[in-house]
Amino acid sequence: MKKLTLKSLALSVVLATASLTTVTTAFAEEAIPITQAATVEYLQFSLVEGTNPDDFLRETLAVDSILEGYDGFVARHLARNDDGSWVEVVYWKTLKDAEAALPRFVKDERTKGFLSLVDGDSMSVKYSTLFEY
(Lines give C-alpha, C1' and ligand atoms only; values in the text may rest on other atoms or scores of the structure.)
Protein backbone atom coordinates (compact mmCIF):
# COMPACT_ATOMS: atom_id res chain seq x y z
CA MET A 1 0.00 0.00 0.00
CA LYS A 2 1.37 3.47 -0.80
CA LYS A 3 2.00 6.01 1.94
CA LEU A 4 -0.68 8.41 0.70
CA THR A 5 -3.27 5.65 0.84
CA LEU A 6 -2.33 4.76 4.41
CA LYS A 7 -2.40 8.37 5.53
CA SER A 8 -5.72 8.97 3.81
CA LEU A 9 -7.13 5.90 5.53
CA ALA A 10 -5.78 7.06 8.90
CA LEU A 11 -7.31 10.51 8.46
CA SER A 12 -10.66 8.95 7.52
CA VAL A 13 -10.59 6.81 10.65
CA VAL A 14 -9.68 9.77 12.85
CA LEU A 15 -12.35 12.00 11.41
CA ALA A 16 -14.98 9.27 11.61
CA THR A 17 -14.17 8.29 15.20
CA ALA A 18 -14.76 11.19 17.57
CA SER A 19 -13.57 9.24 20.63
CA LEU A 20 -10.19 8.40 19.09
CA THR A 21 -7.49 10.31 20.96
CA THR A 22 -4.29 9.13 19.29
CA VAL A 23 -3.03 9.59 15.76
CA THR A 24 0.12 7.83 14.60
CA THR A 25 2.01 9.26 11.67
CA ALA A 26 5.14 8.36 9.73
CA PHE A 27 4.03 4.74 9.39
CA ALA A 28 4.81 4.22 5.72
CA GLU A 29 6.37 1.05 4.37
CA GLU A 30 9.70 2.81 3.88
CA ALA A 31 9.71 4.40 7.36
CA ILE A 32 12.95 4.28 9.31
CA PRO A 33 12.82 1.64 12.06
CA ILE A 34 12.11 3.25 15.43
CA THR A 35 15.16 1.42 16.79
CA GLN A 36 17.31 3.93 14.87
CA ALA A 37 16.16 6.74 17.15
CA ALA A 38 18.32 7.91 20.04
CA THR A 39 16.36 11.02 21.02
CA VAL A 40 12.70 11.65 21.79
CA GLU A 41 11.22 15.14 21.54
CA TYR A 42 8.05 15.82 23.55
CA LEU A 43 5.94 18.81 22.61
CA GLN A 44 2.85 19.65 24.63
CA PHE A 45 0.52 22.39 23.44
CA SER A 46 -3.05 23.58 23.05
CA LEU A 47 -4.75 24.66 19.86
CA VAL A 48 -5.73 28.25 19.19
CA GLU A 49 -9.16 28.81 20.70
CA GLY A 50 -11.90 27.93 18.25
CA THR A 51 -9.74 25.61 16.13
CA ASN A 52 -11.59 22.63 14.71
CA PRO A 53 -9.58 19.49 15.66
CA ASP A 54 -10.37 17.97 12.25
CA ASP A 55 -8.63 20.92 10.56
CA PHE A 56 -5.66 20.44 12.86
CA LEU A 57 -5.44 16.73 12.04
CA ARG A 58 -5.47 17.49 8.30
CA GLU A 59 -2.59 19.92 8.78
CA THR A 60 -0.77 17.37 10.94
CA LEU A 61 -0.86 14.76 8.20
CA ALA A 62 0.36 17.32 5.66
CA VAL A 63 3.41 18.01 7.84
CA ASP A 64 4.63 14.40 7.66
CA SER A 65 6.17 14.77 4.22
CA ILE A 66 7.98 17.91 5.38
CA LEU A 67 9.48 16.24 8.44
CA GLU A 68 10.51 13.22 6.39
CA GLY A 69 12.94 15.56 4.60
CA TYR A 70 14.59 16.73 7.83
CA ASP A 71 17.93 15.21 8.82
CA GLY A 72 17.55 12.55 11.49
CA PHE A 73 13.76 12.34 11.49
CA VAL A 74 12.52 8.85 12.37
CA ALA A 75 8.82 9.01 13.34
CA ARG A 76 6.19 11.02 15.14
CA HIS A 77 3.05 10.29 17.12
CA LEU A 78 0.29 12.62 18.22
CA ALA A 79 -2.13 12.23 21.11
CA ARG A 80 -4.90 14.39 22.55
CA ASN A 81 -5.25 14.59 26.31
CA ASP A 82 -8.62 14.50 28.07
CA ASP A 83 -8.30 18.23 28.80
CA GLY A 84 -8.05 18.99 25.05
CA SER A 85 -4.31 19.69 25.02
CA TRP A 86 -2.06 17.77 22.62
CA VAL A 87 1.20 15.86 22.94
CA GLU A 88 3.44 15.23 19.97
CA VAL A 89 6.25 12.71 20.37
CA VAL A 90 8.93 12.90 17.69
CA TYR A 91 11.75 10.38 17.36
CA TRP A 92 15.13 11.59 16.05
CA LYS A 93 18.42 9.86 15.31
CA THR A 94 20.36 12.37 17.45
CA LEU A 95 19.76 15.24 19.87
CA LYS A 96 21.59 17.50 17.42
CA ASP A 97 19.06 16.58 14.70
CA ALA A 98 16.14 17.27 17.05
CA GLU A 99 17.46 20.62 18.23
CA ALA A 100 18.20 21.75 14.66
CA ALA A 101 14.75 20.74 13.41
CA LEU A 102 12.57 22.90 15.66
CA PRO A 103 13.78 26.34 14.49
CA ARG A 104 13.85 25.07 10.91
CA PHE A 105 10.26 23.83 11.28
CA VAL A 106 9.09 27.18 12.65
CA LYS A 107 10.70 29.09 9.75
CA ASP A 108 9.55 26.63 7.05
CA GLU A 109 6.86 28.27 4.88
CA ARG A 110 5.20 24.87 4.37
CA THR A 111 4.39 24.55 8.11
CA LYS A 112 2.55 27.88 8.45
CA GLY A 113 -0.91 26.25 8.25
CA PHE A 114 -0.06 23.80 11.02
CA LEU A 115 1.58 26.43 13.22
CA SER A 116 -1.32 28.86 12.78
CA LEU A 117 -3.53 26.41 14.67
CA VAL A 118 -1.14 25.90 17.62
CA ASP A 119 -1.19 28.26 20.59
CA GLY A 120 2.53 29.07 20.75
CA ASP A 121 2.28 30.42 24.29
CA SER A 122 1.04 27.04 25.50
CA MET A 123 3.89 25.02 23.98
CA SER A 124 6.53 23.23 26.00
CA VAL A 125 9.37 21.15 24.53
CA LYS A 126 11.51 18.50 26.23
CA TYR A 127 14.12 16.07 24.94
CA SER A 128 14.98 12.63 26.28
CA THR A 129 17.65 10.12 25.39
CA LEU A 130 16.51 6.60 24.56
CA PHE A 131 18.44 3.70 26.02
CA GLU A 132 18.27 -0.06 25.84
CA TYR A 133 17.78 -2.12 28.99
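A few comments on the model shown:
- Extreme residue, positive dipole direction of the stretch 28-130, given options 87, 106, 56 (C-beta unit charges): 106
- The distance separating the Cα centre of the stretch 36-64 from that of the stretch 87-133 comes to 10 Å.
- If the chain linking residue 129 and residue 110 were pulled fully straight, counting 0.36 nm for each residue of separation and taking away their Cα-Cα distance, it would gain 4.0 nm.
- Stretching the chain fully between residue 52 and residue 77 yields a gain of 7.1 nm (0.36 nm per residue, less the alpha carbon separation).
- 108, 82, reordered so the largest accessible area comes first (probe 1.4 Å): 82, 108
- Per residue, the solvent-accessible area of the stretch 35-133 (1.4 Å probe, heavy atoms of protein chains only, all protein chains present) comes to 57 Å².
- Under the criterion of Cα pairs below 8 Å and six or more residues apart, the relative contact order for the stretch 30-133 equals 47 percent.
The values are calculated or read from the model by the stated rules, or taken from the named source; none is laboratory data. As the structure is a computational prediction, the values presented were derived from the model and not from experiment. Here the Cβ is made from the backbone with ideal geometry for all residues, glycine too, and neighbour counts use every protein chain on show. The protein model used for the area step is the full one, side chains on, heavy atoms only, and it has no ligands, DNA or RNA in it. Shrake-Rupley method; radii C 1.70, N 1.55, O 1.52, S 1.80 Å.
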